[in-house]
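Asker: I have a structure here, written as structure tokens, and I will follow up with some questions on it.
The values are calculated or read from the model by the stated rules, or taken from the named source; none is laboratory data. The shown structure was predicted, so the numbers you read here are calculated from the model rather than taken from an experiment. Neighbour counts are summed over all protein chains in view; Cβ atoms, including those assigned to glycine, are modelled from backbone coordinates with ideal geometry. Areas reflect the complete protein model, heavy atoms only, side chains present, ligands, DNA and RNA absent. Shrake-Rupley method; radii C 1.70, N 1.55, O 1.52, S 1.80 Å.
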Amino acid sequence: MLFRVDPASAAPLGDQIAACVRGALADGSAAPGERLPAARELADSLGVNVHTVLRGYQRLREEGLIELRRGRGAVIVPGATAPDRARLVSRLREAAEEARGLGLTDEEFVELARTSLG
């Protein structure tokens with residue numbers, strides 16, 4: 001899996017790291033059950049702080065895409081739904097960014113999504 005970050009981007013580096021994993025899951029270059037690089041190893045290769053990598057990994061854990069296990073590291077959740085979930089999360093993040101561009105708050109975006117569902 002290829003990780004790239006752009007320090008000049010407005011997106012936080014941790015979010016960029018999480019996006020790399022989401023993209024790899026969505027395009028099939030990463031698979032459920034696959035182990036991610038150790039946070040320290042990835043931080044060294046990207047030239048970022050280890051806490052930046054851990055923030056990205058934590059976001060992925062909150063999204064249900066990876067498991068963090070002491071001694072085992074970060075592992076993409078087993079099961080066939082991880083790639084589909086990664087695509088869905090990516091689309092939701094894009095929609096949220098578009099809503100922010102239109103001046104909506106995150107709360108207004110969530111409410112709009114909730115009322116649009118039914």
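Asker: Which one of the conditions (1) open to solvent by less than 40 Å² (accessible area, probe 1.4 Å); (2) at pLDDT 90 or above does Glu98 fail to meet, given that it meets all the rest?
Answerer: Glu98 satisfies all of (1) open to solvent by less than 40 Å² (accessible area, probe 1.4 Å); (2) at pLDDT 90 or above except (1).
Asker: Can you tell me which residue within the range 6-19, out of those that are more than 14 Å from Arg61 (Cα to Cα) and within 13 Å of the chain's Cα centre (by Cα), is most open to solvent (accessible area, probe 1.4 Å)?
Answerer: Pro12
Asker: Here are some conditions: (1) touching a residue at least 60 places away in the same chain (Cβ under 8 Å); (2) part of a loop (DSSP other than H, G, I, E, B). Ala86 meets all but one. Which one does it not meet?
Answerer: Every listed condition holds for Ala86 apart from (2).
Asker: How about the range 51-75: which of its residues are aliphatic (A, V, I, L, M) and open to solvent by less than 30 Å² (accessible area, probe 1.4 Å)?
Answerer: Val53, Leu60, Leu65, Ile66, Ala74, Val75
Asker: Can you tell me how many residues in the range 22-50 are at pLDDT 90 or above, open to solvent by 60 Å² or more (accessible area, probe 1.4 Å), assigned to a helix (DSSP H, G or I) and not basic (Lys, Arg)?
Answerer: Residues meeting the conditions: 3.
Asker: Determine the pairs where a residue that is under 19 Å from Glu34 (Cβ atoms), located within the range 1-19, has a partner that is open to solvent by less than 20 Å² (accessible area, probe 1.4 Å) and assigned to a loop (DSSP other than H, G, I, E, B) with Cβ atoms under 7 Å apart, the partner being 6 or more residues away or on another chain.
Answerer: Met1/Ala30
Asker: Then there is this: All but one of (1) modelled with pLDDT under 90; (2) of a type in the set (Gly, Ala, Ser); (3) not in a loop (DSSP other than H, G, I, E, B) hold for Ala74, so report the exception by its number.
Answerer: Status for Ala74: all satisfied but (1).
Asker: Residues to consider are Leu92, Leu68; find the one that is assigned to a strand (DSSP E or B) and more than 15 Å from Pro32 (Cβ to Cβ).
Answerer: On inspection, the qualifying residue turns out to be Leu68.
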